[in-house]
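The structure under discussion appears below in the form of structure tokens.
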Amino acid sequence: LLQIDFEDVIAEPEGTHSFDGIWKASFTTFTVTKYWFYRLLSAIFGIPMALIWGIYFAILSFLHIWAVVPCIRSYLIEIQCISRVYSICIHTFCDPLFEAVGKMFSSIRFTVRKEI
């Protein structure tokens, strides 16, 4: 995921270069330091960080499986019941009213004339 090369950090522009020996020594120093320091940090912090991240993702998985998904499914079941009751109320009370108002206004005709 993350790969940093010497050229990404020490980027001499075209036309400006140091001596070849300095460039090679700098490249070797950078590469070896990065390699061994990463190994040292991995040896010191690798196991504790793996333990911490393992616990974190175990808790996250547990909560998702045993709390989040059941709550969402329960909510959807309840909403489905409420949705049916709401739909029945709308069709019972609002549909006749809107149909009557629609029939009242359906006989109105407008004519637009332009008088000169």
Direction-averaged shadow area of the convex hull around the Cα atoms of the chain, nm²?
23.7
Test of understanding: given the chain, find the longest segment containing no GluC sites (Glu not before Pro) that are in a DSSP loop and have at most 14 other Cβ atoms within 10 Å.
15-114
Got a number for the accessible area of T111? Probe 1.4 Å, square angstrom, nearest 10.
120
Averaged per residue, what accessible surface does the chain expose to a 1.4 Å probe, in Å²?
97
For the chain, which whole percent of the accessible surface, found with a 1.4 angstrom probe, sits on carbon and sulfur atoms?
71
Taking R0 as 22 Å, what FRET efficiency do you get between A25 and F45 from their Cβ-Cβ distance, rounded to the nearest 0.05?
0.15
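The values are calculated or read from the model by the stated rules, or taken from the named source; none is laboratory data. Treat the numbers as computed from the prediction; the structure is a model and nothing was measured. Ideal geometry is used to build each Cβ from the backbone, glycine not excepted, and the neighbour counts take in all protein chains shown. The accessibility values were calculated without ligands, DNA or RNA, using every heavy atom of the protein model including side chains. Shrake-Rupley method; radii C 1.70, N 1.55, O 1.52, S 1.80 Å.
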